[in-house]
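In what follows, a structure is listed as structure tokens, so that the remarks can point back to it.
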Amino acid sequence: MTFRVDTPVLPSTVVAAEGWSPSSWTSKPVLQDVDYPDQAHLNRVLEKIGRLPPMVAPGEIHRLRQQLADVAQGKAFLLQGGDCAELFDYCSQSPIEAKLKVLLQMSLVLVWGARMPVVRIARMAGQYAKPRSKPTEMHEGQEILSYRGDNVNGYDPSDRSPDPERLLGAYFHSAATMNYVRSILAEGFADLHHPSNWNLHHVKSSTLRQEYQTIVDRLTDALDFMKTIGADPNAGGAKSASPVSSLSTVDIFTSHEGLLLEYEQALTRKMVDPSNSSQQKYYNVGTHFLWIGDRTRQLNGAHVEYFRGIENPIGVKCGPSMKPDELVALLDILNADKQIGKVTLITRYGADQVDKYLPGHIKAVQESGHIVVWACDPMHGNTQQSVSGVKTRHLIDITRELSQAIRIHKQYNSHLGGVHFELTGDRVTECVGGSMELLDAELLDRYETHCDPRLNYEQALDMAFLIAKYQEKQRGFSGVMSL
Ligand code: PEP
Ligand code: CO
């Protein structure tokens, strides 16, 4: 077979932020930098990645931006979730299916609760790199480099030297994951539209099980009703934003923390803007959505410099150390023309601190004129040491931070647009509590994370039911649920 390749005629106007280029970050201080022993090897790998094809298209990035603009304006709800540290080993059929299943089921509950479309973003297909509080750790009396994520080094203590080939591994594992996600979504995941089959046996409290069952029954009724009147939820299609079609919308966007800037730069491409074909813009084509971690968001740092120039929607983690005026300065740099929903602020203070910091951040952003997506990450401020000596999180704290965030936003005339969870579709035992009443003493049964503790399938569904109940209450129905 022969192919004729026409060289595309590209528009000559390149639109970019002033003074920015994909490599302008290199002139700024780089926190969480990786020290590669062989720089020439790194350069060869980066050059190769730079030639590999895009994993996502500008049109998809624009679609997500539009959907996040809806979230910012209270017309849609954001669900973002996935592993803390994705492993190359998770690039396999059943872990991918399990994660999609939990995200889709959660979103179905949330669509029902909020009566609005849910925008789904997976922490997946690239969430490999991890920021660490210390570059080294002690292992059997020896100081060794910390595990920095599968795209940097190995979890095994004997494999901690950073290896550039792992960046290439990140590209191919991301691409394979995305390929399988796209193919099963195209198939429809139809079984998820039968919530009547959901198994709620894990719910220990009979009152809570009854509450969940009521939601599932009403959700099933709503779906049956739509089928009866011919509004087939499977016929919706991803592009429509109507609540009916969104019950079957099978758009799942991908995301990861934009930590390793060499890798991100190699995947930053000048591409034709789908909304104006006479110009080209810079897109990160390795994922749809990237966020800046709480440790790398310095105003004058390399990460902020890189992020200000890409067209993708971006997130910023905001913890207790973020000053309100710093937050506004950050938004001014990252989103100079104040585009609605371009930035998602992912707040993560901890259940005991949310009422101390969130009001100041909300007021500062309101006064600045920026219209952002406010998402609550109730995981990262609530990590503690378990009795058994591992890192854990208690569902009670996660619930407390989330419910307080909802209340505070309402009180300050703002709204919580979404949630950000570390979760997995698998039956792990990493967080304490929830409707399955997982005990501290049970944590070691299936404690599998290589980084932070994740909600398991049942605990993730707990969160969706809880939020749906709040949303229903906000619409005027009664009843608050506790876990
Ligand atoms: C994370 O999301 O895994 C993370 C490291 O979060 P943060 O930057 O908020 O600490
Ligand atoms: Co984490």
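The values are calculated or read from the model by the stated rules, or taken from the named source; none is laboratory data. Because the structure is a prediction, the values reported are computed rather than measured. Cβ coordinates were reconstructed from backbone atoms using ideal geometry, including for glycine residues, and neighbour counts include every protein chain displayed. The area values use the complete protein model at the heavy-atom level, side chains included, leaving out ligands, DNA and RNA. Shrake-Rupley method; radii C 1.70, N 1.55, O 1.52, S 1.80 Å.
Miscellaneous remarks
- The condition (being hydrophobic (A, V, I, L, M, F, W, C) and either crowded, with 21+ Cβ neighbours inside 10 Å or within 16 Å of LEU260 (Cβ to Cβ) (or both)) is satisfied by just one residue among VAL14, VAL71: VAL71.
- Subset of the stretch 296-308 that is in a loop (DSSP other than H, G, I, E, B) and under 20 Å from the mean Cα position of the chain (by Cα) - its residue that is nearest to GLN32 (Cα to Cα): THR296
- Residue match in the stretch 287-295 (condition: assigned to a loop (DSSP other than H, G, I, E, B), within 16 Å of ligand 1 (Cβ to nearest atom) and open to solvent by 10 Å² or more (accessible area, probe 1.4 Å)): yes
- Put simply, of GLN459, GLN411, GLN404, GLN384 the only residue that is surrounded by fewer than 15 Cβ atoms within 10 Å (Cβ to Cβ), at pLDDT 95 or above, among the polar types (S, T, N, Q) and more than 16 Å from ligand 1 (Cβ to nearest atom) is GLN411.
- The set of residues in the stretch 92-132 that are within 16 Å of ligand 1 (Cβ to nearest atom) and assigned to a loop (DSSP other than H, G, I, E, B) comprises ALA125, GLY126, GLN127, TYR128, ALA129, LYS130, PRO131, ARG132.
- When the residues of the stretch 414-431 are filtered to those that are more than 17 Å from PHE77 (Cα to Cα) and modelled with pLDDT of 95 or more, the one that is farthest from ligand 2 (Cβ to nearest atom) is THR429.
- Any hit, the stretch 444-455, residues being under 28 Å from LEU358 (Cα atoms) and β-branched (Val, Ile, Thr): no
- Some residue of the stretch 138-158 being surrounded by 13 or more Cβ atoms within 10 Å (Cβ to Cβ), polar (S, T, N, Q) and under 28 Å from LEU461 (Cβ atoms): no
- For the stretch 142-193, the tally of residues that are hydrophobic (A, V, I, L, M, F, W, C) and farther than 21 Å from ALA129 by Cβ stands at 6.
- Residues being part of a loop (DSSP other than H, G, I, E, B) and surrounded by fewer than 18 Cβ atoms within 10 Å (Cβ to Cβ) - total across the stretch 322-333: 1
- Screening the candidates ASP150, ASP163 for the property of being within 16 Å of ligand 2 (Cβ to nearest atom) and either basic (Lys, Arg) or part of a loop (DSSP other than H, G, I, E, B) (or both) yields one hit, ASP150.
- Within the stretch 300-307, one or more residues are at pLDDT 95 or above and open to solvent by 10 Å² or more (accessible area, probe 1.4 Å).
- Scope the stretch 29-53; condition outside any loop (DSSP other than H, G, I, E, B) and either within 20 Å of GLU257 (Cβ to Cβ) or not acidic (Asp, Glu) (or both); matching residues: GLN39, ALA40, HIS41, LEU42, ASN43, ARG44, VAL45, LEU46, LYS48, ILE49, GLY50, ARG51
- Subset of the stretch 308-321 [open to solvent by less than 10 Å² (accessible area, probe 1.4 Å) and touching a Leu at 6+ places or on another chain (Cβ under 8 Å)]: ILE310, ASN312, PRO313, ILE314, GLY315, VAL316, CYS318
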